[in-house]
Amino acid sequence: MAKSSFEYVKTFELDDTVLPNSWIVVRLDGKCFHKFADDHNFKKPNDIRALRLMNYSAYSVLREFNELLLAYGQSDEYSFIFKKDCNLYKRRAAKLLTIVNSKFSSSYVFYWRKFFGDEELKYPPTFDGRLILYPSQENLIDYLKWRQADVHINNLYNTTFWALVLKGNLTPSQAEKRLCGTLSADKNEILFKEFGENYNNEPEIFKRGTLLTRKCITDEESKKSVKIIADVHDDMLKNNFWQEFSGHLIKPK
Ligand code: DGT
Ligand code: MG
Ligand code: MG
Ligand code: MG
Ligand code: MG
């Protein structure tokens, strides 16, 4: 068929193929989830329903795209890591970013009721997204450590803040003043001395977020090995975690 005279517009499209031989990370983050959480009565500081829905939505992304190695989520964000040699959509940035975001966002809505039951979804949520390349394993591991350090800092702050407000009867601005300039040890002490709470006993999913990984396990009945997606809440800031785990960043098929 002859080309139409309109087809030249295609030359306006820019090439956004990303560098080969580097890990592609897509991070999504809920837009204005401060408000979204309030509008949907999320429990403070952590709502397990919301975290499980985030994890399940990420799980459905991993299930669909085999080129994804792992995903790590906390709060209203999720990071997806593609294999170093991923060739999906010929490594075109916009394609990769939008398929991940779209599958995740539609899953969040589709599975809402599975986790929130009768709590009505009042409006469609929005997630922003970005795509980042990491050329070395060290950079990629530091990226994951950075996201996990973030959840630790925020969660300790939020747990102490809401203890002061909900159990200590301070106003939010009094609680904020009280915590201004405090170190981690001070917050641990406030929780322990004033509220009898040991921060170490908080659920791992709150303190460390969730890492979704692919694993091979042996099926009890058939004795065949089956591939599954597992969720772990380990401490990624410890180097011995990576001594055991770094193989996951290179292989698995
Ligand atoms: P953004 O991302 O710039 O559009 O704005 P936000 O409001 O989404 O801010 P962000 O992403 O820095 O922080 C996440 C917000 O989500 C945080 O303000 C509190 C809320 N959030 C996330 N998980 C929970 C939860 O389990 N419970 C409650 N109550 N709030 C949560
Ligand atoms: Mg943000
Ligand atoms: Mg957000
Ligand atoms: Mg966030
Ligand atoms: Mg099409």
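The values are calculated or read from the model by the stated rules, or taken from the named source; none is laboratory data. Quantities reported herein were computed from a predicted structural model and do not represent experimental measurements. Virtual Cβ from ideal backbone geometry, glycine too; neighbours counted across all protein chains shown. Side chains included, ligands, DNA and RNA excluded: accessible areas come from the protein's heavy atoms. Shrake-Rupley method; radii C 1.70, N 1.55, O 1.52, S 1.80 Å.
Taking GluC sites (Glu not before Pro) across segment 1-99, the ones in a DSSP loop with at most 10 further Cβ atoms lying within 10 angstrom of their Cβ are GLU13. Extents of the chain, largest first, come to 77, 48, 40 Å (Cα atoms, principal axes, whole angstrom).
Can you pull out the trypsin sites (Lys or Arg not before Pro) in segment 69-140 whose DSSP state is coil and whose Cβ has at most 15 other Cβ atoms within 10 Å?
Numbers: sites: LYS83, LYS84, LYS90, ARG91, ARG92, LYS95, LYS103, ARG113, LYS114, LYS122, ARG130; in loops: LYS83, LYS84, LYS122.
When the trypsin sites (Lys or Arg not before Pro) of segment 69-140 are filtered for loop state and at most 15 Cβ neighbours within 10 Å, LYS122 remain.
At 0.36 nm per residue, and after removing the present C-alpha to C-alpha distance, how many nm does the segment from ALA149 to LYS167 gain when stretched out fully?
Details: separation 18, 0.36 × 18 = 6.48 nm, distance 2.64 nm.
Fully extending the segment from ALA149 to LYS167 adds 3.8 nm.
Normalising the average separation of contacting C-alpha pairs (under 8 angstrom, six or more residues apart) by the number of residues puts the relative contact order of segment 112-220 at 24 percent. Near SER107, once Lys and Arg are set to +1 and Asp and Glu to -1 for all other residues with Cβ below 13 Å from its Cβ, the sum equals +4. Across the accessible surface of the chain, with the other protein chains kept in place and a 1.4 Å probe, carbon and sulfur atoms take up 53 percent. Beyond 26 Å in Cα-Cα separation lie the following of the pairs LYS43/LYS122; LYS31/LYS114; LYS103/LYS224; LYS145/LYS167; LYS35/LYS114: LYS103/LYS224; LYS145/LYS167.
Under 14 Å from a point placed 7 Å out from the Cα of ASN21 along the Cα-to-Cβ direction: which residues of segment 126-160 have their backbone N that close? So the set is 135-137. Among SER79, SER107, SER222, the largest mean-square fluctuation in a Gaussian network model of the chain, built with springs joining Cα atoms closer than 10 Å, belongs to SER222.
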